[in-house]
Amino acid sequence: VPALYGVEPSDRVYQGMTIAFDFSIEEIWPTWAVGATLVAGPTDGRRVGSGLADFLEEHQITMIYCVPTVLATLDRMLPSIRTVNVGGEACPRELVDRWGPGRRILNTYGPTETTVTCTMAELRPGKPVTIGRPLPTYRITLLDDDRQPVPAGEIGEICVGGLGVAHGYVNRPDLTADRFISDPRGIPGERIYRTGDLGRFLPDVDASDAERRRIAGEVHDHAVQDLTAVAFELDAAQMRGQPRDPEDAELLEHTAQGVRQTVEDLRSLLVALIPARGSFRGGLLPALRVLAQELGRSGIRVTVRADDARELPGPTAALLYRCAQEALRNVVTHSGATSVEVAVTRHEEVATMVIEDDGQGFDESRLIERSAAGHVGLRALGELMVDAGGSLTLASAPGEGTRVVATVPLAAATSLVAGAAR
């Protein structure tokens, strides 16, 4: 791996991730393996934005591993950085165009169940963003809904095989049996891990398509991050009763038009991701528990409970799961929360999901640094929920945490998908 990443003994590598996040292994061990210098990051507000840029510049960092969201917050180019390794979420092409000239950008992909990274691509400005080729000892198989290999060029579920694949989940034989399956290509004794992500093999480029099911909306979110940040900044100024410029109202309206278009794009994308028939891959509760495990590695304890063990219809489950993703990823993780509770109930023919965290909630001083694009995603989901005959509400106040409530009638969700398919 150090050779693939190009780590050299003279490098100064930034180590900014919590060791509870498996991506931190990528920062630490390849660096030490070649005798390079590992620079521990700050623990204060300099972990993002201009503060992080100052830190990287001061310590003459040459390599940085981070999620694209963190990279996007840096307010200037840093000539000392010669390699950027991004992972953990989809990387927007705009970020590659901005950071690509004059340095290497590596896009790494790999669920924790495959021991961190299993594929890698070197990204170039103006070129498609992919997740690359398998690393040595790994192999990638794309399967259809019947768990059979898809034809060349077709979209399928990304499944990972190789020495780095885990044996399963501790004390979860049911989930292990569902996610870790025999290799359909008939390799005796070999198992592959079903990631739940979608991809396709592309000719003459590195490998699988980067549009992964769990994070497909993020590309759209980040593409409008600057636009929505302006809207939130203007909203904050109006809340303080301090209009900064007579043109603010016109600019806000222009921004709102862009956000409305983004909402429409996201809604179309979300409808396309909702299965029209069959069950939601493995069921809503197992999917939420996997999501909770992912957050748990970041130090946030997530409790998932339900008062009804019956499985929800596929469209309903997909809508609620997407709401959980947006709420947990874009609200909870930016509010300073350490504990979250996700409760799913089913009363007659209506399903409800309530997500509550113990964070600080909305705070005017934190409004800009929060992921504005994430709230656009929640708004898009809210409109989709209304179309399905349900609702999505978010209540938050400084010091009181955040509460997200998603409600959807079971039959209405099915009708929504059927209508979209026509």
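Derivation of every value follows stated rules applied to the coordinates shown; laboratory data play no part. Since we're looking at a predicted model, the values are computed, not measured. Cβ placement follows ideal geometry from the backbone for every residue including glycine, while neighbour counts extend to all protein chains displayed.
Sorting 164-177, 82-95, 340-353 by their mean Cβ neighbour count within 10 Å, with the most densely packed peptide first, gives 82-95, 340-353, 164-177.
Note: region 46-198, Cα convex hull, 134 Å³ per residue.
Note the full-extension length gain between E57 and S80 as 0.36 nm times their separation in residues minus their Cα-Cα distance, in nm to one decimal.
Net length gain for the segment: 7.5 nm.
The alpha carbon radius of gyration of region 1-96, expressed as a multiple of 2.2 N^0.38 Å, is 1.00. Each residue, A20 and R305, gets one label point 7 Å from its Cα in the Cβ direction; the gap between the two is 2.1 nm.
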